[in-house]
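Asks: Handing you a structure now.
The values are calculated or read from the model by the stated rules, or taken from the named source; none is laboratory data. Worth saying up front: this structure is predicted, and the values here are computed from it rather than measured. Neighbour counts run over all protein chains shown; Cβ positions are idealised from the backbone, glycine included.
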C-alpha cells in the first residue's frame, strides 16, 4: 500500500512508535514485541500489527520486531533525516514555552524564527530563536511551510492570510478561532481550554472501567 493510502489514524501514531523505538535503541535493546510496544504507547497489539502491515513485513512471528530496522524505517517514513523549518507567530506565554522547548526530542522539526508585534520582544532571542517584527513576516518566510499560531483571537485570521500569502501550507492553530484557509492548506486546531473541558466531562461521566467494557 502506498503511503498516501495509509489511514490518518495510523499516520498520527507513527511518531509515538518512533519515539519509543528511539528510547529502546538508547537502552541498547535490539528486539521488541508488539505487546511491549502496546504497553509503552497504550495502543492495543492488534492495532499496532495492523498499522505496521500497511508498510509490508516489518517483523517476524515469534521473533517480534528488530528495533534498529524499525527505527531506520520510521526515520525515513517520517522524514527524520530532513529538517522541517517552522515559524511561530505570537511570543506570549505559550509561544515562549514553545521556543524554549523547540521540540528537542524531535530530530526533524525546529522553530527557526518567531514573530511578534511587541517591540519589547522584537530583536530578542528566546531559546536561541530570533524574534522579528510581525511586519516582516511576509519578507522572511521564503522557505517555511509550517507555522504555529499562538496569537490573540482577533489577529488569528489576518495573520493566517499573511502566512498563506507567504507560502505556508500547514498551520498548528492554538487559538480558539476557527480560521478559514484554502483547500491546499492543512490546519490542526488545538484549543487547550476545550480539551481540558472535554477531559473533565469524560472524567465525570465516562469512568474508564465503563469504556473497557464497551
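Asks: Applying the selection to region 119-133, what residues are in contact with a strand residue (DSSP E or B) (Cβ under 9 Å, 6 or more places away or on another chain) and either surrounded by fewer than 17 Cβ atoms within 10 Å (Cβ to Cβ) or assigned to a loop (DSSP other than H, G, I, E, B) (or both)? It would help to see each step written out before you state the result.
Replies: Just the residues of region 119-133 that are in contact with a strand residue (DSSP E or B) (Cβ under 9 Å, 6 or more places away or on another chain), to begin with: 119, 121-127, 129-133.
119, 121, 122, 123, 124, 125, 127, 130, 133 - these are the residues of region 119-133 that are in contact with a strand residue (DSSP E or B) (Cβ under 9 Å, 6 or more places away or on another chain) and either surrounded by fewer than 17 Cβ atoms within 10 Å (Cβ to Cβ) or assigned to a loop (DSSP other than H, G, I, E, B) (or both).
Asks: Right, next: Test of understanding: among 173, 106, which residue is under 30 Å from residue 76 (Cα atoms), at pLDDT below 95 and surrounded by 13 or more Cβ atoms within 10 Å (Cβ to Cβ)?
Replies: 106
Asks: What do you reckon, is residue 164 touching a residue at least 24 places away in the same chain (Cβ under 8 Å), buried (at least 16 other Cβ atoms within 10 Å of the Cβ) and not in a loop (DSSP other than H, G, I, E, B)?
Replies: It is false that residue 164 is touching a residue at least 24 places away in the same chain (Cβ under 8 Å), buried (at least 16 other Cβ atoms within 10 Å of the Cβ) and not in a loop (DSSP other than H, G, I, E, B).
Asks: Can you tell me which of 57, 46, 40 is farther than 24 Å from residue 108 by Cβ and modelled with pLDDT of 85 or more?
Replies: Every option except 46 fails the conditions.
Asks: Then there is this: Based on this model, can you work out whether residue 24 counts as surrounded by 15 or more Cβ atoms within 10 Å (Cβ to Cβ), in contact with a strand residue (DSSP E or B) (Cβ under 7 Å, 6 or more places away or on another chain), within 18 Å of residue 75 (Cα to Cα) and modelled with pLDDT under 85?
Replies: Criteria not met by residue 24.
Asks: Is there a residue being free of Cβ contacts under 8 Å to residues at least 40 places away in the same chain, at negative phi and assigned to a loop (DSSP other than H, G, I, E, B) anywhere in region 145-156?
Replies: The answer is no; no qualifying residue exists.
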